[in-house]
Amino acid sequence: MASLSVKPGQRFTLPDWKNNSLLISADAEQQRYNSHHIRQEGRVLRNDTGNQAKWDEHNSRTQLKDRITTVDKWREALAKCLTDLDLEIEALGKVKEAAENAIQAKNLCLDVAIECLTFRESRRDIDVVRDPVEEELHKEVKVIEKTKKELQQRVDDAFRQLCLLKEARQQLSCDHRHKVEALELDRQCMSFNPTSGNISFKVNPTRIPDGTTALSEWEMNSRCNKEHAEAEMRASVDLRGAITLAIAQTNNELDAQRIATEFALRKRMRDMEAALSELRWQEKNTLEEIAEMEEEIRQLEEDIKKRTLDLKVAHTRLETRTYRPHIELCRDQAQFGLTDEVQQLEGMIRALQQKRTESQDALDALYRQLHRIQTDIGYKTNSLQLDNKCMDTRRKLVVPVEKFDPEVDAVSRTRNLPKESQLELA
């Protein structure tokens, strides 16, 4: 009987065979678990980076919009100031021309007075006396020469003021032109998106270019230009009133004094009404800003609560992962990510709490400012009522309306004098 040939080699037991199968299955499940975990981390990372990128782009776009709004408001303010400046330059030029015409008209009066004195020099013998007529003629000559000197001084002042106005206009125009250019560039930046054809990497885009100014310096420059122009315009308005008053004084000193007083009173009333209008506008805007700030504080508190909950989740995850057994307790990417998340969330919460504190301080300051505005409105309302009483009282003075109307035309910004009075003054 033939014997069975047995190939030499290792023989495993049945339990070894079963353990090997179980080990392969366990390794497969572990690998699938690791793969699933990595996929979940990748998904979270993609969501986080995508959300962060969208938020950063939204934040940049919002800041660009706010910047465009701020610059555009300044552009509109400067444009309005330029328009007012042009009107004031034109109005002051007309008043200066009127003063020059008044000087020219006084030459005729002076020639007539001197001619009358020359005629009276032909008197003879006892008739050559210093009578009241001669005295009045000499007084007339002195008054005319004094008037011409005063008017010439006013003309010189108007010329200098015109130079200052034009200089202020040049500065204002340059600032306005620069803001228009800046608006075009920022609006071009707003139009960029990932599908734009003219986007590319740039060399050192975060560099600070030479000549860069601080935001406070930028705003101060625009404010100074505007305030300087407004100050020159106020000076010009005052000068035009002085020139008009000087022309009116050639007619009658008493009427001139009354004109000056009523002019100053009306000017004060206009300033008071403008101040009241500005204060009411400030009160309205302050109330709106208070409402918006209160809403912003509420949103900040909600965001703090949300971020606090997110921080609790991250803390819980970190604490839970500390219980991983043996070699599994390693500092993996998930550990680093959770640690970074905790640090970022803590920084976010601190920033939100700081911003909430700043917002609350700003809200308190707004309430204090609102109280000051409302108090000042009460003061100015009372002053305007008193000025109106003064105007009613001054109507007792006999000043014919056809002789002088102290109202100021808001369009031409020049004092309106009737044609008859202008002819008399000339």
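Derivation of every value follows stated rules applied to the coordinates shown; laboratory data play no part. Please read all numbers here as calculations on a predicted model, not as lab measurements. In this analysis, Cβ positions are derived from the backbone assuming ideal geometry, glycine residues included, and neighbour counts consider all displayed protein chains.
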I want to check the label-to-label distance for Glu145 and Glu230. Put each point 7 Å from Cα in the C-beta direction and report it in nm to one decimal.
4.6 nm
What order do you get for 158-168, 20-30 when each peptide is scored by the mean count of other beta carbon atoms within 10 Å, highest first?
158-168, 20-30
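Using +1 on the beta carbon of Lys and Arg, -1 on that of Asp and Glu, and nothing else charged, what's the dipole of the stretch 273-379 about the Cα centre, debye to 20?
On the way: 16 positive and 23 negative charges, 131 e Å.
With Lys and Arg at +1 and Asp and Glu at -1, about 640 debye.
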So which of Lys202/Lys355; Lys65/Lys226; Lys65/Lys202; Lys65/Lys166; Lys166/Lys284 end up more than 28 Å apart by C-alpha?
Lys202/Lys355; Lys65/Lys166; Lys166/Lys284
For the stretch 6-52, which trypsin sites (Lys or Arg not before Pro) are both in a DSSP coil and crowded by at most 15 other Cβ atoms within 10 Å?
Arg11
How much length is gained if the chain between Thr381 and Ser277 is pulled fully straight, taking 0.36 nm per residue apart and subtracting their Cα-Cα distance, in nm to one decimal?
36.4 nm
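I'd like the FRET efficiency for Ile114 and Leu87, computed as 1/(1 + (r/R0)^6) with the beta carbon distance as r and R0 of 45 Å, rounded to 0.05. Write down the numbers at each step before the final one.
Working: r = 41 Å, r/R0 = 0.91.
Rounded to the nearest 0.05, the efficiency is 0.65.
Starting from 0.36 nm per residue, how many nanometres of slack lie between Leu22 and Glu302 once their C-alpha separation is accounted for? Don't skip to the end; give the middle numbers.
Values: separation 280, 0.36 × 280 = 100.80 nm, distance 5.19 nm.
Between Leu22 and Glu302, full extension yields 95.6 nm more.
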Charges on Cβ only, +1 for Lys and Arg, -1 for Asp and Glu, centred on the Cα centroid of the stretch 156-243; of Ala231, Phe192, Ala158, which one is farthest towards the dipole's positive end?
Phe192
